[in-house]
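Peer 1: Before I ask anything, let me first share the structure, which is written out below as structure tokens.
The values are calculated or read from the model by the stated rules, or taken from the named source; none is laboratory data. Remember, predicted model here, so these are calculated numbers, not experimental data. We place every Cβ from the backbone using ideal geometry, glycine too, and count neighbours over all the protein chains shown.
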Amino acid sequence: MIPRDFQQLFRVALVNLAFVVLFAFVDSATADGDRPALTLSLELDTAWPSTDLRSWLNDGAGKLRYDEHDSSVSVGRVLLEGNFHVKPTLIVHVVGDFVDDGDRGGDLTEAFLEWRPVPRSETRHAFKVGAFYPDISLENRDRGWTSAYTISPSAINTWIGEEIRTIGAEWSIIHSLGEEPSAQRIKVFAAAFGGNDPAGTLLAWRGWSLHDRQTRLHDQLPLVPLPQIGPGAMFEKQALRVEPFIETDGRVGYYLGGEWRAAGRALFSALHYDNRADPMSLENGQYGWTTRFNHVSTQIELPAALGLIGQWIRGTTSMGPVVAGARVVDTSFDAWFLLLTRSIGRHRVSMRFDDFDVTDRDAMLLDPNREDGNAWTLAYSYAASERLNIKLEWLTVETDRPAWVSLGLSPHTPERILQLQLAARLSN
């Protein structure tokens, strides 16, 4: 068991260390004389959403990052990403994300140290320590954990970006079978982490969403204005803002998984995650949510130069004492998507279908959290140059969350949302 004070101290020290490393190495040479890789990206967004719901970032119940009040051109983000080779086998990776919403303009989304010892056989080892994403997303492979195909990631990867982060250590083993380029590769990995105890808060009380905003390590995210939250309400100890990455109980969470890759033409992976949070714990206005899920994904190269990506996740999240055989808040969740993509020179076209739901398993009629929904995404991207990339996205979402009507947050259900979004990213 890790003391809560140590966990909080570790998080603060981690961020401070990352900034120290960032500025210490930006003008220094590495051991082999090369400059450290430091990239800066500026993304400008303009969106035309059609929905009655206010964005969840504007204290509403919407699924998107923007609403009808945010249709002007804005700075979507400024990304500062550094990969510094302290030694040939030792890498410091830092990602700073600067956005113009909320109280905190800039913060880190990832900051970790990775050690890759020189392999002495066909088996390689790697070790990470710090704050980083678990190796789940097959979409978000671009700079700063952004999507390489669309502007808005799938519902699965949007939620990972919102509420899931490893603050701890990961060990992975990669074994190659055969010789390149036809070699197969097997990878197994496991991690232990602290924090991330409130993960599940947004999923249960707001539901799934689709947007490209990532939660930084010290962000405080707004909750939907629900009557069961706040002074004098059922969950009066819950703060009106969520801090997904804090520690509430001193327990160590874990995940473990595996991956099989065949000559770059096919990939299959699976992961089991358990934050082991005490559902009766409370810290700084944040409840601990016991959140567990299983995740599988695949990426296959199809004929006609088509690429297929699929991901599926199923899990549960619960909080509070047991009442009538279930926790006060007890939900299961399920989501999957399929994405087709094709690249033609500097152009790329991608199409994705999402399906997602939240099932209410508790007996608390005053806290309804059921949701069913799906979404279609069509995206086009153009690499105008090595530094400039332009994306256009059409996104439509249909979601049925009956509680929004009864609470006066939506005039009707199901809710149909349409958004056209244009983004331009300039990188060095």
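Peer 1: Might you let me know whether the range 381-397 holds any residue that is over 25 Å from residue 37 (Cα atoms) and not in a strand (DSSP E or B)?
Peer 2: No, there is no match, as no residue in the range 381-397 is over 25 Å from residue 37 (Cα atoms) and not in a strand (DSSP E or B).
Peer 1: Something else: Name the single residue that is farthest from residue 179 (Cα to Cα) among those in the range 123-136 being within 10 Å of the chain's Cα centre (by Cα) and surrounded by fewer than 20 Cβ atoms within 10 Å (Cβ to Cβ).
Peer 2: Per the stated criteria, the residue is 133.
Peer 1: How about the range 153-167: which of its residues are over 16 Å from residue 198 (Cβ atoms) and not hydroxyl-bearing (Ser, Thr, Tyr)?
Peer 2: Matches in the range 153-167: 153, 155, 156, 157.
Peer 1: Take the residues in the range 226-242 that are part of a loop (DSSP other than H, G, I, E, B) and out of contact with any Gly (no Cβ under 8 Å at 6 or more places or on another chain); name whichever of them is surrounded by the most Cβ atoms within 10 Å (Cβ to Cβ).
Peer 2: That would be 226.
Peer 1: Further, regarding this structure: Residue 47 passes all but one of (1) in a strand (DSSP E or B); (2) closer than 20 Å to residue 413 by Cα; (3) small (Gly, Ala, Ser); which number fails?
Peer 2: (2)
Peer 1: Any residue at all in the range 382-397 that's closer than 21 Å to residue 205 by Cβ and at pLDDT 95 or above?
Peer 2: Yes, the conditions are met somewhere in the range 382-397.
Peer 1: For the range 245-276, enumerate the residues that are over 18 Å from the mean Cα position of the chain (by Cα) and closer than 22 Å to residue 109 by Cα.
Peer 2: Within the range 245-276, 247, 248, 252 qualify.
Peer 1: Do you know which of the residues in the range 400-412 that are in a loop (DSSP other than H, G, I, E, B) and within 27 Å of the chain's Cα centre (by Cα) is surrounded by the fewest Cβ atoms within 10 Å (Cβ to Cβ)?
Peer 2: Among those residues, the one meeting the criterion is 402.
Peer 1: Here is a check on your reading of the model: is residue 246 of a type in the set (A, V, I, L, M, F, W, C) and in a loop (DSSP other than H, G, I, E, B)?
Peer 2: So residue 246 fits the description; yes.
Peer 1: Would you please name the residue that is surrounded by the most Cβ atoms within 10 Å (Cβ to Cβ), looking only at residues in the range 204-225 that are under 17 Å from residue 331 (Cα atoms), in contact with a strand residue (DSSP E or B) (Cβ under 6 Å, 6 or more places away or on another chain) and of a type outside the set (Phe, Trp, Tyr)?
Peer 2: 207
Peer 1: Could you identify the single residue in 41, 71 that is closer than 26 Å to residue 132 by Cβ, among the hydroxyl-bearing types (Ser, Thr, Tyr) and either part of a strand (DSSP E or B) or modelled with pLDDT under 90 (or both)?
Peer 2: Within the list 41, 71, the selection yields 41.
Peer 1: Further question on the same structure: Is it the case that residue 341 is within 29 Å of residue 178 (Cβ to Cβ), in contact with a Ser or Thr (Cβ under 6 Å, 6 or more places away or on another chain) and either surrounded by 19 or more Cβ atoms within 10 Å (Cβ to Cβ) or not β-branched (Val, Ile, Thr) (or both)?
Peer 2: Yes: the conditions hold for residue 341.
Peer 1: Taking the range 85-118, which residues are touching a Ser or Thr at 6+ places or on another chain (Cβ under 7 Å) and modelled with pLDDT of 90 or more?
Peer 2: 95, 97, 115, 116, 117
Peer 1: Quick one: in the range 200-223, which of the residues that are within 17 Å of residue 237 (Cα to Cα) and assigned to a loop (DSSP other than H, G, I, E, B) is modelled with the highest pLDDT?
Peer 2: Checking each candidate, the answer is 200.
Peer 1: Could you say which residue among 95, 118, 78 is without any contact (Cβ under 8 Å) to a residue 60 or more places away in the chain and in a loop (DSSP other than H, G, I, E, B)?
Peer 2: None of the other options fit; the residue is 118.
Peer 1: Residue 359 passes all but one of (1) in contact with a Lys or Arg (Cβ under 8 Å, 6 or more places away or on another chain); (2) at positive phi; which number fails?
Peer 2: The failed condition is (2).
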